[in-house]
1. In region 3-17, which residue that is touching a Ser or Thr at 6+ places or on another chain (Cβ under 8 Å) and assigned to a helix (DSSP H, G or I) is farthest from residue 177 (Cα to Cα)?
2. Hey, does region 11-19 have a residue that's surrounded by fewer than 23 Cβ atoms within 10 Å (Cβ to Cβ), out of contact with any Lys or Arg (no Cβ under 6 Å at 6 or more places or on another chain) and either of a type in the set (D, E, K, R) or farther than 30 Å from residue 195 by Cβ (or both)?
3. Mind checking which residues of region 132-150 are farther than 19 Å from residue 213 by Cα and among the small types (Gly, Ala, Ser)?
4. Does residue 113 qualify as being among the basic types (Lys, Arg) and under 12 Å from the mean Cα position of the chain (by Cα)?
5. For region 179-197, state whether one or more residues are of a type in the set (Asp, Glu), outside any loop (DSSP other than H, G, I, E, B) and closer than 16 Å to residue 28 by Cβ.
6. So, in region 20-36, exactly how many residues are of a type outside the set (A, V, I, L, M), assigned to a helix (DSSP H, G or I) and surrounded by 14 or more Cβ atoms within 10 Å (Cβ to Cβ)?
7. Go through region 141-173 and report how many residues are more than 16 Å from the chain's Cα centre (by Cα), among the small types (Gly, Ala, Ser) and either crowded, with 17+ Cβ neighbours inside 10 Å or in a helix (DSSP H, G or I) (or both).
8. How do the strands (runs of 3 or more DSSP E) wholly within region 46-117 filter down when requiring 3 or more residues that are crowded, with 18+ Cβ neighbours inside 10 Å and without any contact (Cβ under 8 Å) to a residue 60 or more places away in the chain: which remain?
Amino acid sequence: MHLDVLDLREFYYRSLLGRAAQKGVRDRVVQLWSPQDVQGQSVVGFGFAVPLLRPYLSTARRVVGLMPAQQGVMSWPAGEANVAVLAEETMWPLETGSVDRLIVMHGLETSDRPKTLLDECWRVLGPGGKAIFIVPNRAGLWARRDGTPFGFGRPYSTSQLEAQLKAHDFIPGRHLSALFAPPSDKRFWLRSTSFWERFGRAAPWLAGGVLLVEVKKQVLAPRPPGLVSRARKPLRVLEGLVAPEVKPIGRSKRRSLQR
């Protein structure tokens, strides 16, 4: 079940913890895709991914923030031309193959139909298109606290997420973690957020609160119609008439013919 857009806006834009979480995740997304990487491309976010799209507003050819109908929509970005659109969870108002980069946050783990949602993600991506899926880490602290949006829905491990993405013809690539500080709004933890993010990146054994997995769309080669496998010993009755085999005649039989 998707969260309400008002609750998401309240967390990410009006709370200190939410602003710290927004920065921590966005920094990791930019580490994977810099604004120069998406120069002239189409960038789409689904769920509540708009806090992560701002770095691409000036370089991308088009930026769209899709928000599911169960969640609701808000105007974004503030003070600028709106790019947020209300959409059905599994029926996006986008042409097939029209998206170069896709970011999904608070969309997959809260979906009632994750398989159909992933099919829709695959449909809108163009050949060679890339996507980043951001989900709560089941081994992290953020998935265990209901006071943040990452405490709702189904948390994942990296292997679980990659297996689900592979089943929908996505090729997993780089994966990162974010939000290593505890999900606490106490001043000490908020002030040390930057330290924990740097420490977590240098300590692979430390579980972050959020997983980020980059994938690429896999387009299978078309198969020719009909039977494609060759028989090891094919029948030759359809290859036309062949020359008759001539067997050597024995000496005694040759003498009788000469008489």
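1. Applying the filter and picking the extreme gives 11.
2. Within region 11-19, one or more residues are surrounded by fewer than 23 Cβ atoms within 10 Å (Cβ to Cβ), out of contact with any Lys or Arg (no Cβ under 6 Å at 6 or more places or on another chain) and either of a type in the set (D, E, K, R) or farther than 30 Å from residue 195 by Cβ (or both).
3. 147
4. Against the criterion (among the basic types (Lys, Arg) and under 12 Å from the mean Cα position of the chain (by Cα)), residue 113 does not qualify.
5. For region 179-197, residues of a type in the set (Asp, Glu), outside any loop (DSSP other than H, G, I, E, B) and closer than 16 Å to residue 28 by Cβ: present.
6. Within region 20-36, residues that are of a type outside the set (A, V, I, L, M), assigned to a helix (DSSP H, G or I) and surrounded by 14 or more Cβ atoms within 10 Å (Cβ to Cβ) number 7.
7. Residues that pass the stated criteria total 3.
8. It comes to 62-68, 99-105.
The values are calculated or read from the model by the stated rules, or taken from the named source; none is laboratory data. Fair warning: this is a prediction, and the values are worked out from it, not measured in the lab. Cβ atoms come from the backbone with ideal geometry, glycine included; neighbour counts cover every protein chain shown.
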